[in-house]
Amino acid sequence: MQELEKKTLSIYLRILNNRILPAIGHLRLDQVKPLHVASLISELGKEGTGKTGKMESFLREPFNTCTEY
């Protein structure tokens, strides 16, 4: 896994704490379904923040890795 720049890490932590955890943080990882992730990304897109792509890439890697094992 590659190391993240400080700014990138800061952005990812902000997305995690402000968006992802409030929406799906109550679920165990094995309970998170593609619909949860799609809804989360869709809601962010509706807000027009321009961060949809960052959230999508932030979520893609861990969930893709989990499905490999």
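Only the coordinates and a few stated rules stand behind these numbers; no lab work does. Quantities reported herein were computed from a predicted structural model and do not represent experimental measurements. Here Cβ is always computed from backbone atoms with ideal geometry, including for glycine, and neighbour counts include all displayed protein chains.
Coupling constants for the range 20-28 follow from the phi torsions by the Karplus curve (6.51 cos²θ - 1.76 cosθ + 1.60, θ = phi - 60°), and in residue order they are 6, 4, x, 7, 10, x, 7, 8, 6 Hz; glycine and proline get x. A simple spin-label model places pseudo-atoms 7 Å from Cα toward Cβ; at L16 and E43 they are separated by 1.9 nm.
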